[in-house]
Each structure stands twice: as structure tokens, then as C-alpha cells.
Amino acid sequence: MTTLAEAPPKSTLSPSASNGDTQLLEVSMGPQHPSTHGVFRMDVSLDGETVVKLKPIFGYLHRNHEKIAENETYLGSMPYTDRLDYFCSITNNWAYALSVETLAGIVVPERAEYLRVITAELTRLQNHTCLAGFLMQDMGASGTPLMYAFREREKILDLFESLTGARMMCNYMRFGGCRVDLPAGWLEQAKTVVAAFPKFLDEFEALLNGNEILMARTQGVGVLSKELAINAGVTGPMLRASGVNYDLRKVDKYGIYDRFQFRIPLGDHGDVYDRYMIRVLEMRESVKILEQAMRDLPEGLIQDPKTKVRNFKPKPGEAYGRIESPKGELGFYLVSDGTPRPYRFRVRPPSLINLTILEDMCLGRNVADVVIILGSVDIVMGEVDR
Amino acid sequence: MTLEPLKLELEEKVPGCGLEIISNPSPSAQHSLLIDPEHAVAVAMYLRDAAHLRFDYCSNVTGIDWPAPNDAGKAKLKDMEEDLEQDEADCATAGYLEVVYHLYSMEKKHGPVILRMRTCDRGLRVHLPSLVSVWRSADFQEREIFDLFGVIFDGHPDLRRILMWDEYTDHPMRRDYVEPDDYEYEPTAHDEVLRKTMNHYAK
Amino acid sequence: MKPDSYLPIVILLLGAVGFAVTPLALAWLWAKNFSPSKPGHDKNSIYECGLESTGDSWVQFNPGYYLYAIIFLVFDVEVVFLLPFATAFTGFGIGECLAMLVFILLLIEGLAWAYQKKVLTWT
Amino acid sequence: MDEGLKSELSKQGVVATNLQELYNWGRRNSIWPLNFGLACCAIEMIASTMARYDMARFGAEVFRPSPRQADLMIVAGTITKKMAPQVVRLYNQMPEPKYVISMGACAISGGPFKQGYNVLKGIDRYIPVDIYIPGCPPRPEALIDALMALQRKIDAQQLTGDSRPRHLNADEPSEFTVPKFGAHDLEPPQNPVVWHAPLVQIALAEDDDSGTA
Amino acid sequence: MLGVGILKGLTETARNFVGSYFRKDRLTTIQFPEERAPRIEASRNFPFLVYDGPDAMAGLRCVSCFICEKECPPKCIIIDKSTDKKPDATGKLQFYPAEFKIDVSVCMSCQICVEVCPFDAIKMDTDFELSTQNRFDDLLWPKLRLAKSNEYYHEIHPTEAAAVDADLAAARAKAAPKPAAPVAPVAAAAAPEKGTTA
């Protein structure tokens, strides 16, 4: 009989280690792991079940977006930004379009600004529902919350498909506005979806918020202090869960966000439960923004007529544009040398920088908590590895 | 946040640091401040801790490769087959590698201050001070610049390759990086890709 | 057939065992001549999320786990003893119940001692 | 077993079949995919298992995390050169009979990221692929359509004779070499046992090329 | 009291379960092969070449101007310009593509080729059942496979096709009066086809 499995190498139980202290078990929650939301790897050394050391390892989805962008025209890189954070393609487009507009000084017409806000807030809705679903999946509630979340996501993806043509890769924004105007009947359909959303949120909260198991497993887990969050450059819902009032829609007031009344939810413990609750509350705020934006959507041009679609050459110089993407501050830093191709195309990935403090949050907790803490950070590998 | 008063204040607070304002010709008007590597940490510490500045959030750290102007054009159009050992040697180190820091203040909510640091040349062992001790958000981004550009950051706690595998020896985001050629099946090869395919078939 | 003969039980036993064994035998026969077994280095190596598994899993770990396992084992065995008692419960008088009560209380007392020694609480 | 007799019998509720049909019927209706999402296509793969597109109707909704219990590897997303050895090792660790669906442009040929220095130009350089799904990302219905194509392929497999599938054939390898990390690229860049690309005739003249596949 | 939250959650799932018997919108599953999702008009998958009139190769609108080949981000289009010329819809002599290939295994269906094409020669198709077992033959689409009729274009994208036809008809009308005589049959051919649009 051939050897079914090689005998484990000679056990290293040397007598010297017999003074009762435990040895560390090196295990890697590797690239292919149900809890890592993609190809993300963590080398964890465990003392029994508690985490002693955690080293995140990236690069398994490094698709060289920035090198490819250096050989593409400015328009050619737009569909590539869909594939950065492949849950929210429209906010990626908006960040890229915004930084090119600051680089070239393009003015965006009114209607296009409203369309941008409407589609971006719809993206935020579907991203946060998916996150809540995946977080519950990580916690063991496999199936039910994710089914509810994806049922709502499909409705929003139908809206994107009838507007831009693709479910996930919308490629919707151009420098100076949007690519295509609303088809007939789209606005009514969108209004019904947005009107039905708060009822779904109540259903979702009734299903999850009071759940004792959820509270027992997430409250007090992965606490992130305010100072460490700021110093480590954490942005987005994770930062606001630690109580820092920093939301680019209110700070930078990019686009026309200053015209809408909405509040910024802030957490005070900074643990996994707060991050989940922040995202649920942010969904309610996004619904408010959507209602206001769809109510006073003006008529008019959807694209600035002066900017050329093809052979677009901004003047030499550099610009850094950033927006509040559902994951955090997504920024594009473009250096142009006057040719149709950007000289340097840099993406500021919120997911990667939010992972800086993953080890600080996970030390001392056991392996099951590491899975939930990673789930609450909400990373998407396309954006982390670019 | 105009740069002139900030420059004067920094020169007064951090003696001997050579500051220079790099103007940005594009309409975004985001001018930047070139600081010399020796006083980088001191300037950064001051920017973060000064009461009225409070730049406690380093949003973005970017590496840019500026080969010397003459060879930048040449690097792009240079035909792969010609061997240019002599030219290769000196033009590889001409020019400089640059690291750009975008700083914001979460407390005071005011706009970007952009710091730039430049290395002496583009060789393989170029050093710059790491600002991880001031802002922890620069940790992974500096490791990425080390991985893709080859800038060694002194004082970085854990300078390893972050995106490429550890046995990899090149720095792929540099302008003169030559890709390994595996172009067996390129049915729609034209211009740039066509040249690489022909090189592959020529071998 | 004598009322207390064991023949029906044996037939039922054979039926049950046969019901379990025949699919396994068929599968084994099928594997032997239809699908060849192809073991290899990678297929037999330890699966660690796609990586080459380094290090060793036979390490000394916290004694707390061992104590937890032992205490669980005690109560597992106790349930095995309770099983016959539970099935014939109706035919018992007070004496048998008291005996079983003493048996259960003895084990509960062991559990109380372990709890008081803080073995079960996890830092 | 002529069809007439079989359909006649099935009208009376009697199912007549032979061993091969039973074997293929059993295997094609419970294909367990490996939980193996790489990039954007993985989200469409998850969406295809969710309420609306419900892959459970084809018996394929059980996504096994470990390769030991999976018999279909859906390569959904971009395979980078850093991930390629892991993909091939996972394929090797899957028990026979195993199938591979190469989902999305990136898994077939590197897709839009083909010119990247760290992107493998298609997984069929290292492991044999059964079904290719073009699209970036392909819709969930396209994945279900590919799963039906795979089921048709399994159904048509012969148990004996020389056209029998890989797992019933002793001399077909069930493992493929795992590439190593080199200083500049993976070594070997592709696996000649599996990768047979047609030579694309590129006329060496500079301008017009008559690339005929 | 402990457990109330879980009970509330269970009532939620129970309401969904019972509700699915009464309210049809709770049953969201689309039984894919038999029952198809309602066709969304703007949906796009892979490009195709539009041709007018009966003959596919003669009616191609594409004049092989190489704009889409240059603008395509993943560079998956390749065109060989023909040596001779053929009259296009407005009667002007134009080149036509001797060979027009799209590598569908690289295309990212971003429709930039449609956006930059000045002749409305390439549009996005909606067909997605394209899984194959052979990558090298089935995923490199030659001109023959790409060419589809204008009627097909009207069928999948009605409003967009109508708009495109209106612009083309206007362009033909503007170009038509100069060479009035020889062009009449062609214009006639174009006119009835415009009439058929829904």
C-alpha cells in the first residue's frame, strides 16, 4: 500500500520544552480561505486558540492596474477603475473622474452632478447590504442574511444594468459628466426601489440587531481607539465607528453633497458591532439623500460639451482627487506630462490602509474573532492589491 | 492653506531644513513642498504636533520615477534588441525617485499639504527616511514603494515586499523595467504588443 | 419455531449489516477495476489554503484544553451509563432511582470542584 | 437499449438504464464546486448561488472550502503569478474525478489585465480546463449555462474504451507540476504537457500583419 | 429576557416564509433555462458589427478606420484594411475591413469601441450563452461571426437603434442631393428599412 500520507516530521517535542510553556502553532489563513473575502493571506501564530502574532500578506491579486494605466489613454483607464473595488464600480469611476476634472479644470453640469449622487448612493446601499450579509456569513449565520442582502442587491443591479448596460462594471462616468442619460421609466423604478428600502432595512434590523448571539460575539471585539484610527489613516465607516467625525461628503463637500440634509452616524465603542450598526445607519442616510436627489433632479446636459472624449490631453501637472467611497477615502493621484497617457496613475486604496491595524485589533483574541474583525474591516482584494 | 507662510514657519521651527516650493501648473493648484531627507522626520513631527496645524492624517504616499529627461524619451522608444550596456549603466542612475506625501488634518478639517522627498539617483540602493514613526498609515504604502520602485526606507519597522513574491528581484514600476516575455499566443497583437510578440518569435 | 428463538433477530441483523456493507463493497469493486488510484506528492501533502505547509502541528498547547476534554469525557461516559437506566425506567422502584441519583450527584460534585478551581473559565 | 423501448417503458413509469447512464447521472447532478473566488467573477459566482439565480437547482450550491471534498474548481477571477502555484497545488489536491471551469476573461487569457507583469495569461497554461466562459464578468446565467454544458459533457463520458475520461484512465496524469517562484517570472512559464497554443503567424513586416490563428 | 432578539429574528424569517405563499414578489428565483429574466434593453455583453441590407459582407458599415483598435483598452480588436474600396450607404467609396477580429477571451465589454466609432459600425450585443470547450477556435471571432444585421440591432436595442438610424438617414439625406441619380436605389433601400422600425 502506498503511503497514504507522509508521517508528520519527527515531532519537535524536545525535552527542553517540557517546562510547561506552550509552543506557538504557525498557521496561515491562506489565499484560499472561506473567511478572507478573496485572496488575502494572514500568517497567524497561535498559542492554543489565542492569536499571538498576525502578519497580513498581500499581492495575490496584484493585477498591475497602475502599470497598465501608464500605457492607456485617460479614457481607456476608466473601465479599469470598475475592477478596482468590484462591489462599487460607480464610486470608483467618480473618484477617477473627479481627480481628472481637478487635473484639467473641467466643470460638470448640474444634471450630471445629480446623476452622480444618485448612482453613488445606490452603490453605497448595495455595498453596505452585501457587507452586512458577508459579516453574518463569517459569524456562522451562513445563508439567511446573505440571501436577504443579495435579494436587495439584485434590485439595485437591475437599475444599474438598465442605466449603464452592465450589472457590476458600469463604466458610467466620463470626464465632465456621465456617459448616458436616464432611460424612460428608470426614475420611477428607482423611486420604488428606494421607497421599499427602509422596509427592507427594518426587516434586516429586526432579523439581526437584537440577536443575542450577534451581540455576544461582536460587542467588545476588535476595539479600535480614536487616536490609533487617525494615526493609522483608517477612513470610512471604520473610522466613524471609533467616533471620529470625518466624512468626505461633509469635509470636502465634493460634487453637490452640501445641498442635501443628511447626518453622519458615529459610534462610540469602535468594536465590530458598532461598525455593523454604522453601516446600517449609513444606509438610512443614503436613502434620505436619494429621495432628496431624485426629487429635485434638474433637466439639462449630462456631459460637459467642451471636453473631448478621444485624444484627451490635460496640461502637464498633478492632482489628487478623493471621494467617500463605501470603504473609505478612495483617492486618485494623477501626474500628467501633457501626453494622452498619464505619467503616473496612483490609487489610494482605503481597504489596504484600513488593514494597517488588523494585527492591533486581533492580538489576544481567538481565531473565530479574527474572522469577524477581518469581515468588519470590509476589504475587497481588487482594491487592496490593485 | 497657502504654502509660503507654512514654509517660513517650518524653516524657523526646524533649523537648517532646506524647503522649496514646487508649483503645480495644472488648474488643481495643489503646490507641494520639497523637503530634504535629513530633516524629513523633524518637519513631519512638527506638522503633526503643532497646535494650529495638527496634520494628523497622512492620506496618500506615492512613489514616482523620474528618469533623466533625455533618456526618459529614449527609454520609451528604445528598441529592445539593441544592447546599450554603456548607456544602460549611466542612464539607469540619472534622474531621481520621488516620494510624495499628502497630509490632511482630521481635527481641523483643512486641506492637503503635499510633501515631496527625492533620492539622489535612481540606482538600486537608494535610501530615504521612513515616516512610519510619525504616521502609521504610511506603513503599507512605503512597503509598496520599496517593492515596486526600490526605495529603501530607513527606520521602517518591517520593510518587506508587499505585493510581489519575495524571490522577485526587479522593481516593476520603474520606467525602464523590461517585462519577462511570455507571448506565445497573442491573436490580436498590434503596435506595442506586436513588438513584444515579434521579439518572442525572433528568439 | 420456539417462541424465544433468536432466528428472526439474526436474520434482521444480517439484513442490516448487508444493507450497509453491499454498497461499500460495490464501490470498492468499482474503484478496484474501473477508476485507478493515482496518489502523488501534492495530493498527499497537507492542505494549508493552497500553500506548502511548513512547521509542525504536533506542538505543546495549553493544558486547559486537555482538562476540558477530560471533563467532557467523564460526562460522555456518564450518559452511556444512563442510557440503559433510561430505557427501562418504568420498571424501577425507589431504590434503583436513589442509586442512580447518587451516581449522578457524584459526577456533579466533580464538576463543581473543577468549576471552583477555575479550570473551565477561559482567560 | 434502443430508445423506443426505453421511452415506452418510461411511459409506464419503469426506468430502464445502463450502468454508465446511472454513473454519469449520479455524478453530474451533484457537482460540488470548490469555494475559490479570486476577483470580480467570484461575486457573480456568489450571486449565481443566491436567491435569484439559485445554482442549487443544479445540485451545485454546496461550495466546499477544502479541495478534498470538491470535484469542480471554478477559477473565477484573475490568476496572478503569485497565486498560480497555489491554484495548481489546489487542483492537485482535489480528488479525481475533477473538472475545471475557467470563468471570465482573466481566467481564460489574462483578460483586460493581460499586459500586467504579475498576471498569468490564462489558467490553461498549467491545468487542463473543461469549460471556458468568456465575459468580464460573465452574468450568473452564463455560469449556470456553463454548468449545464459541463453536465452535458459528463453525461457523454464513456466508462471504457480509449475515449474514457481522465480519472478512469490510469496513464493520464492527475497532477501537474507546480510552478516555482523565479527571480523574474514563474519557472516554468507554462506547462507543455497541458498548454498547446496554435502558432500565430505574425508576418515580421513592421506594419501590416496577417495574424491568422 | 435572553432570547427575545433571536425570537424576533425567527419571526422575521417565518413571516418571509409564510409570506412567500401569498405575495409573489417574495419568490425571487428565476428558473434560468426555462424562464428568463425580462430583457433589459441597455444590457451589453460583446460587440458585433452592424451591416445594412441583405448581404452581410457588402453591407458592413465599418470602414476600417482603426479608431476602435487604437482606443480599445485591453487591445483585443485587430483589423486588416482592404486594398480596394466599395460604395457605402451614402454611395461614397470607402475601404472595408478585409479581416476584423475580436478576441472575446480578452474583451472586457466596456463599450468604448461603440462610443468612439464615428460610423456607428459596432454595437454591443446581449447574447451571453457563449461557454465553449475549445478556447482557440471559438473565442477569436472573425468578421463573419461578428457581422449582424441592422434588424437584429433594432430587435435588441430598439430605442438606441432608432436614434442611430435617424442620424444615419439624416447624414444620407444631406449627402444624397449632390450625386442624386445613381444613389436613388440605395436611398430607396435605406428608406423602407427606416420605415420598419417599431
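For this structure, a couple of remarks:
- Applying the condition of being basic (Lys, Arg) and more than 11 Å from every other protein chain (Cβ to nearest Cβ) to the stretch E:1-59 and asking which residue is surrounded by the fewest Cβ atoms within 10 Å (Cβ to Cβ) yields E:Lys24.
- Highlighted here are the helices (runs of 4 or more DSSP H) found entirely within the stretch A:150-263 that include at least 3 residues which are away from every other protein chain (no Cβ under 11 Å): A:186-208, A:237-241.
- Index of the failed condition, D:Pro140 passing every other in (1) more than 7 Å from every other protein chain (Cβ to nearest Cβ); (2) surrounded by fewer than 23 Cβ atoms within 10 Å (Cβ to Cβ); (3) not aliphatic (A, V, I, L, M): (2)
- B:Trp165 being under 22 Å from A:Val234 (Cα atoms), part of a loop (DSSP other than H, G, I, E, B), in contact with a strand residue (DSSP E or B) (Cβ under 9 Å, 6 or more places away or on another chain) and within 14 Å of chain A (Cβ to nearest Cβ): no
- All helices (runs of 4 or more DSSP H) inside the stretch A:332-386 with 2 or more residues being surrounded by 24 or more Cβ atoms within 10 Å (Cβ to Cβ) and at the interface with chain B (Cβ under 10 Å from one of its Cβ atoms): A:350-354, A:381-385
- Scan of the stretch B:13-31 for residues that are more than 8 Å from chain A (Cβ to nearest Cβ) and either in contact (Cβ under 8 Å) with a residue 60 or more places away in the chain or among the hydroxyl-bearing types (Ser, Thr, Tyr) (or both), ordered by number: B:Ile22, B:Ser23, B:His31
- When A:Arg284 is tested against the conditions (1) of a type in the set (Lys, Arg); (2) without any contact (Cβ under 8 Å) to a residue 60 or more places away in the chain; (3) closer than 15 Å to A:Arg124 by Cβ, the lone failure is (2).
- For E:Pro118: the one exception among (1) farther than 30 Å from D:Lys153 by Cα; (2) out of contact with any helix residue (DSSP H, G or I) (no Cβ under 6 Å at 6 or more places or on another chain); (3) part of a strand (DSSP E or B): (3)
- Answer residue from the stretch A:114-131, given it is hydroxyl-bearing (Ser, Thr, Tyr) and surrounded by 24 or more Cβ atoms within 10 Å (Cβ to Cβ) and is farthest from A:Gly255 (Cα to Cα) among those: A:Thr129
- Residues in the stretch C:24-68 that are assigned to a loop (DSSP other than H, G, I, E, B), over 25 Å from the mean Cα position of the chain (by Cα) and of a type in the set (A, V, I, L, M, F, W, C): C:Phe34, C:Ile46, C:Cys49.
- Qualifying residue in the stretch B:131-148 (condition: part of a loop (DSSP other than H, G, I, E, B) and at pLDDT below 90): no
- The stretch B:49-65 - residue that is more than 9 Å from chain A (Cβ to nearest Cβ) and farther than 13 Å from B:Ile114 by Cβ and, of those, surrounded by the most Cβ atoms within 10 Å (Cβ to Cβ): B:Leu53
To keep it simple, each residue is scored yes or no on (1) more than 14 Å from chain C (Cβ to nearest Cβ); (2) surrounded by fewer than 19 Cβ atoms within 10 Å (Cβ to Cβ); (3) within 27 Å of A:Phe58 (Cα to Cα).
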{"position": "D:Pro65", "(1), (2), (3)": "no, yes, yes"}
{"position": "D:Ala70", "(1), (2), (3)": "no, no, yes"}
{"position": "D:Ile74", "(1), (2), (3)": "yes, no, yes"}
{"position": "D:Met83", "(1), (2), (3)": "no, no, yes"}
{"position": "D:Val87", "(1), (2), (3)": "no, no, yes"}
{"position": "D:Met94", "(1), (2), (3)": "no, no, yes"}
{"position": "D:Lys98", "(1), (2), (3)": "no, no, no"}
{"position": "D:Cys106", "(1), (2), (3)": "yes, no, yes"}
{"position": "D:Ile131", "(1), (2), (3)": "yes, no, no"}
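- Unmet requirement for B:Arg54, which otherwise passes all of (1) on the phi < 0 side of the Ramachandran plot; (2) modelled with pLDDT of 90 or more: (1)
- Number of the condition not met by A:Lys55 [criteria: (1) over 17 Å from the mean Cα position of the chain (by Cα); (2) crowded, with 24+ Cβ neighbours inside 10 Å; (3) of a type in the set (Lys, Arg)]: (2)
- Filter result for the condition that a residue is farther than 29 Å from B:His31 by Cβ and crowded, with 24+ Cβ neighbours inside 10 Å, over A:Arg111, A:Arg83: A:Arg83
- Test: A:Phe134 is surrounded by fewer than 23 Cβ atoms within 10 Å (Cβ to Cβ) and more than 29 Å from E:Ala163 (Cβ to Cβ): yes
- Only one of C:Pro23, C:Pro39 that is facing chain A (nearest Cβ under 7 Å) and exposed (fewer than 15 other Cβ atoms within 10 Å of the Cβ): C:Pro39
- Hey, D:Glu44 under 14 Å from the mean Cα position of the chain (by Cα) and acidic (Asp, Glu) or not: no
- When restricted to residues that are part of a strand (DSSP E or B) and over 24 Å from A:Asn231 (Cα atoms), the stretch B:21-45 contains 2.
- Some residue of the stretch D:27-45 being under 30 Å from A:Lys155 (Cβ atoms), surrounded by fewer than 19 Cβ atoms within 10 Å (Cβ to Cβ) and of a type in the set (Val, Ile, Thr): no
- Residue count for the stretch A:25-46, restricted to those that are surrounded by fewer than 20 Cβ atoms within 10 Å (Cβ to Cβ), more than 7 Å from every other protein chain (Cβ to nearest Cβ) and either more than 18 Å from A:Asp138 (Cα to Cα) or of a type in the set (Val, Ile, Thr) (or both): 3.
- The sole residue among B:Pro187, B:Pro157, B:Pro172 that is outside any helix (DSSP H, G or I) and more than 13 Å from chain A (Cβ to nearest Cβ) is B:Pro187.
- Exactly one residue out of A:Thr73, A:Thr144 is over 23 Å from E:Ala42 (Cβ atoms) and within 14 Å of chain B (Cβ to nearest Cβ), and it is A:Thr73.
The values are calculated or read from the model by the stated rules, or taken from the named source; none is laboratory data. Being a predicted model, the structure only gives us computed values, none of them experimental. In this analysis, Cβ positions are derived from the backbone assuming ideal geometry, glycine residues included, and neighbour counts consider all displayed protein chains.
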